[in-house]
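The values are calculated or read from the model by the stated rules, or taken from the named source; none is laboratory data. Quick caveat, the model's predicted, so the values are computed rather than measured. FYI the Cβ positions are ideal-geometry reconstructions off the backbone, even for glycines, and counts take in every protein chain you see.
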Amino acid sequence: MKKILITGGAGNVGGSLSRRLVEDPDNYVVIVDNLLTGDVLKLPLQGDNWKFIRCDVNSYDDISAVMLAYSFDYVFHYAAVVGVQRTLENPMLVLKDVDGIRNVLNLSKNTGVKRVFYSSSSEVYGEPVEVPQNEHTTPLNSRLPYAIVKNLGEAYFRSYHQEYNLDYTIFRFFNTYGPMQSTDFVISKFIDAALHDMPITIYGDGSQSRTFCYISDNLDMTVRTWLGNHYINDVVNVGSDNELSIAELAKLVIRVLNSKSEIIHLPALKEGDMARRRPDISKMKEILGRDLVSLEEGVLNVARSLKGVM
């Protein structure tokens, strides 16, 4: 049986990964989360091959008690303060995540962990120097505390491999969305508003562009990379290459959901709202070997989920 630790496992991506991994009875999954932004409702719904422990990964005493007790084979380090506005408003809280990265790596190399997976972010690219953004050729241009911490985290993983031969894979996530994402984030926020025929608010003129990755594409890429031993000691963009502006996203959500919502423009954010995002996902396409979930299908899936709790 493979023993797996997922930090931040009560969040959108971490919780979804937890649910996916417990489907395999050969996995035993320990999920830790401090519930700052996570929710126990996102934990697996069934199975006896998992355990949840409320734990602050940034506290060595907390996480060491867990990792020393279980001697994990694999670690998915997904715990982090997330959300551009939240991280801008709480820069010191974001910087504490460096402690969590260091704690996980020190304990992993001392307890026989075979490989550690790290959830980095598209934010490490900062304002785009080139498009599409490639894992190895695009310069990193991050300036915000959240992005700097993610970039520093990547450096920690590379250094621990060089010094201690601890294997890793870094996933740079680009706007992963799905039924378990909170409505604090743009696509779920738009869908929630559209379902209620409420105004959809956009910062600035809405010309800033993004790509959106449906959760099942993220999970399939993650699990196949892990089980297939792909991209060991490497960095992988995980996202979609279907780029559209935020204004176009709002119109798409309204059209797909047949909503009466109107679009309202608010003053542009002073910082943190990058002009453009589009990853080079050549590696991801090679691993998946299929088309990605369309944005229209993803929007409908999230809408069905939100309707279920309305």
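You will find that of Leu144, Leu152, the residue that is over 13 Å from the mean Cα position of the chain (by Cα) and closer than 18 Å to Tyr118 by Cα is Leu152 and no other. May I ask you to list the residues in the range 96-124 that are hydrophobic (A, V, I, L, M, F, W, C), in a helix (DSSP H, G or I) and surrounded by 17 or more Cβ atoms within 10 Å (Cβ to Cβ)? Once the filter is applied, which keeps residues that are hydrophobic (A, V, I, L, M, F, W, C), in a helix (DSSP H, G or I) and surrounded by 17 or more Cβ atoms within 10 Å (Cβ to Cβ), the range 96-124 yields Ile101, Val104, Leu105, Leu107, Val124.
A quick yes/no check of all residues on (1) modelled with pLDDT of 95 or more; (2) closer than 23 Å to Asp217 by Cβ; (3) not charged (D, E, K, R):
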position	(1), (2), (3)
Gly15	yes, yes, yes
Asp26	yes, no, no
Asn49	yes, no, yes
Asp73	yes, no, no
Met92	no, no, yes
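When the residues of the range 75-95 are filtered to those that are in contact (Cβ under 8 Å) with a residue 24 or more places away in the chain and over 17 Å from the mean Cα position of the chain (by Cα), the one that is surrounded by the fewest Cβ atoms within 10 Å (Cβ to Cβ) is Pro91.
Here Val186 meets each of (1) crowded, with 17+ Cβ neighbours inside 10 Å; (2) closer than 17 Å to Gly298 by Cα; (3) outside the structural domain of Ser159 (by TED's automatic domain parsing); (4) at pLDDT 95 or above with one exception, condition (4). When the range 222-272 is filtered for residues that are within 16 Å of Thr169 (Cα to Cα) and touching a Cys at 6+ places or on another chain (Cβ under 9 Å), the ones remaining, listed by number, are Val238, Gly239. Got at least one residue in the range 281-292 being surrounded by 13 or more Cβ atoms within 10 Å (Cβ to Cβ), out of contact with any strand residue (DSSP E or B) (no Cβ under 6 Å at 6 or more places or on another chain) and of a type in the set (D, E, K, R)? Yes, the conditions are met somewhere in the range 281-292.
When you go through Leu227, Leu244, Leu249 one by one, which is the residue that is over 18 Å from the mean Cα position of the chain (by Cα), modelled with pLDDT of 95 or more and buried (at least 21 other Cβ atoms within 10 Å of the Cβ)? First the steps, then the outcome.
Details: Leu227 fails: buried (at least 21 other Cβ atoms within 10 Å of the Cβ); Leu244 fails: buried (at least 21 other Cβ atoms within 10 Å of the Cβ).
Among Leu227, Leu244, Leu249, only Leu249 is over 18 Å from the mean Cα position of the chain (by Cα), modelled with pLDDT of 95 or more and buried (at least 21 other Cβ atoms within 10 Å of the Cβ).
If you go through the range 132-164 and keep only what is assigned to a helix (DSSP H, G or I) and polar (S, T, N, Q), you end up with Asn151, Ser159, Gln162.
The numbered conditions (1) in contact with a Lys or Arg (Cβ under 8 Å, 6 or more places away or on another chain); (2) not assigned by TED's automatic domain parsing to the domain that holds Glu130; (3) not basic (Lys, Arg) are all true for Ala250 except (1).
Here is the figure for the range 232-247: residues that are of a type in the set (Val, Ile, Thr) and either assigned to a strand (DSSP E or B) or in contact with a Lys or Arg (Cβ under 6 Å, 6 or more places away or on another chain) (or both) total 3. Pairs linking a residue in the range 177-205 that is under 21 Å from Pro44 (Cα atoms) to a residue that is of a type in the set (Val, Ile, Thr) and part of a loop (DSSP other than H, G, I, E, B), with Cβ atoms under 8 Å and 6 or more positions apart or on different chains, are Ser182/Thr37.
Scanning the range 203-231 for residues that are in a loop (DSSP other than H, G, I, E, B) and out of contact with any helix residue (DSSP H, G or I) (no Cβ under 9 Å at 6 or more places or on another chain) returns a single hit, Asn229.
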